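None of the figures in this text is laboratory data; all of them are computed from the coordinates on show. Everything numeric here is computed off the predicted structure, so don't read it as measured data. As a convention, Cβ positions derive from the backbone with ideal geometry for all residues, glycine included, and neighbour counts pool all protein chains shown.
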Amino acid sequence: MALDDVKLEIAQSAEQSAAAIMAEADAEVSRIMAQADAEIAAMKEKEDKRLAESVERLKRQEISSAELESKKIVLAKKKEILNKAFAETLASLEAAPEKEKTAMYKKMVESAKDVIADPKVYVPADSTATAKGLGVSEVVKTDKIASGIMLENADGTLMVDMQYKTILQTVWDREMKALSDILFG
């Protein structure tokens, strides 16, 4: 029987050793699985964060792009309104009655006397202005001027452009900011 006892003891010892090895292997498998799960969770969290940041960045870019496009449209419309105001103002000046135009021409000549004392004046071809009426040496009618006048000294070396379009453009350019603030706030 002693042999049976030794066999039994060896079998029990082998079973215990196998159970301990199996428990150790199960523990190692559990540890590796837990570590793998933790690494996968960390990677997933990192990727989710990167994805959220990418989505947010794209959203900001789209919003910025839409805002820029909106500003472009508004600016284009403002420019259209300003151009229309310029054209309407010029048309109003050009459509003034001849008597008013002649009075304005006379004031223009007076204001330029410091630069050109006794000018030759170029007027639009359809103007009724005269040299005597404007107080100048000569009036030359030309189709090169739509409205307003041009003054020239006696030897032709100096000209002063006082066409309505030129004057309006000068004032327009100088006062554009103030005009824009008045029109658009």
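Against the numbered list (1) closer than 30 Å to residue 122 by Cα; (2) free of Cβ contacts under 8 Å to residues at least 12 places away in the same chain, residue 61 comes up short only at (1). Per the listing 149, 145, the residue uniquely crowded, with 17+ Cβ neighbours inside 10 Å and more than 21 Å from residue 114 (Cβ to Cβ) is 145.
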